[in-house]
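Working notes for the structure below.
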């Protein structure tokens, strides 16, 4: 008895294969961007030290994906890319909550400054007093000590941006601009991590697996953009993103004794 596949015409088999590949690539596009942060999350959660991860990466990706969603209202692109933005926003909120919780725990236990999470990079305040968004102190922007402060800022930013988009929805110059800004911010997501590594001359606490998955994901994403004829802003900034990923991997080879030894 012939199998089900054997009984299908060759054209149907080709169509089935193409559909399977398309569904797989779309699923990879939607959830692939979240995967790199799993090892970094595990490192922070296990060590209770977030110093190796720049929480400005979260800011960059949150802004980028909010802009991308606004861009969709003016110029519809593929639904998987829209869903990816929503998933990435949720992922960054989870990462951000962990970083704030770890830092707050260190403050509550009054650890020495040298042991406080994120104290060296100064990405969160080491002041024992709470710093909130409602204080409107620009010196502590994105260095607040309460997670609700970050939510308040993001809500305000989203409301203001949505109002502006609604007013200029028929202005293609505005729509194309926020589309470019969305992918440009996303392309720069590795920049805060690169600067943090450069400032400290160290990659300790940063997940190398995260950066390797950034690189492979960005290569896949850029090829996907080219093949699916996505707006040119997407693949141009994808190339920039790959370049920054490679620069961070070079920092690993320069600053990390562990990985220097491996390449000798």
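Tell me, yes or no, whether segment 149-172 has at least one residue that is under 26 Å from residue 252 (Cβ atoms) and either surrounded by 15 or more Cβ atoms within 10 Å (Cβ to Cβ) or at pLDDT 90 or above (or both). Checking segment 149-172: not a single residue is under 26 Å from residue 252 (Cβ atoms) and either surrounded by 15 or more Cβ atoms within 10 Å (Cβ to Cβ) or at pLDDT 90 or above (or both).
Among the conditions (1) more than 15 Å from residue 60 (Cβ to Cβ); (2) surrounded by fewer than 19 Cβ atoms within 10 Å (Cβ to Cβ), residue 197 misses just one, which is (2).
Listed by first and then second residue, the pairs linking a residue in segment 202-218 that is on the phi > 0 side of the Ramachandran plot and part of a loop (DSSP other than H, G, I, E, B) to a residue that is at pLDDT below 90 and surrounded by 23 or more Cβ atoms within 10 Å (Cβ to Cβ), with Cβ atoms under 7 Å apart and 6 or more places separating them unless they lie on different chains, are 205/51; 205/52; 205/53. Selection of segment 220-233 for residues being assigned to a helix (DSSP H, G or I) and more than 15 Å from the chain's Cα centre (by Cα) yields 220, 222, 223, 224, 225, 226, 227, 232, 233. Among the residues making up segment 1-41, a single one is over 30 Å from residue 198 (Cβ atoms), modelled with pLDDT of 75 or more and buried (at least 18 other Cβ atoms within 10 Å of the Cβ): 30. When 54, 85 are screened for being outside any helix (DSSP H, G or I) and surrounded by 19 or more Cβ atoms within 10 Å (Cβ to Cβ), only 54 passes.
Within segment 125-151, residues that are on the phi > 0 side of the Ramachandran plot reach partners that are outside any loop (DSSP other than H, G, I, E, B) and modelled with pLDDT of 90 or more with beta carbons closer than 6 Å, at six or more positions or on different chains, in the pairs 142/59. Being surrounded by fewer than 20 Cβ atoms within 10 Å (Cβ to Cβ), out of contact with any helix residue (DSSP H, G or I) (no Cβ under 8 Å at 6 or more places or on another chain) and touching a residue at least 60 places away in the same chain (Cβ under 8 Å) is not true of residue 227. Out of 44, 86, which single residue is more than 20 Å from residue 219 (Cα to Cα), within 13 Å of the chain's Cα centre (by Cα) and modelled with pLDDT of 90 or more? Result: 86 is the single residue among 44, 86 that is more than 20 Å from residue 219 (Cα to Cα), within 13 Å of the chain's Cα centre (by Cα) and modelled with pLDDT of 90 or more.
Evaluation of residue 242 against the conditions (1) closer than 15 Å to residue 61 by Cα; (2) surrounded by 18 or more Cβ atoms within 10 Å (Cβ to Cβ); (3) under 17 Å from the mean Cα position of the chain (by Cα) shows that the sole unmet condition is (1).
Considering segment 125-145, and only residues there that are modelled with pLDDT of 60 or more and buried (at least 17 other Cβ atoms within 10 Å of the Cβ), the residue that is farthest from residue 48 (Cα to Cα) turns out to be 133. The residue that is modelled with the highest pLDDT, counting only those in segment 100-124 that are outside any helix (DSSP H, G or I) and farther than 22 Å from residue 198 by Cβ, is 109. Restricted to segment 251-264, and to residues there that are surrounded by 12 or more Cβ atoms within 10 Å (Cβ to Cβ) and in a helix (DSSP H, G or I), the residue that is modelled with the lowest pLDDT is 260.
The values are calculated or read from the model by the stated rules, or taken from the named source; none is laboratory data. For clarity, every value in this text was computed on a predicted model and none was experimentally measured. Glycine gets a Cβ as well: all are built from the backbone with ideal geometry, and neighbour counts include every protein chain shown.
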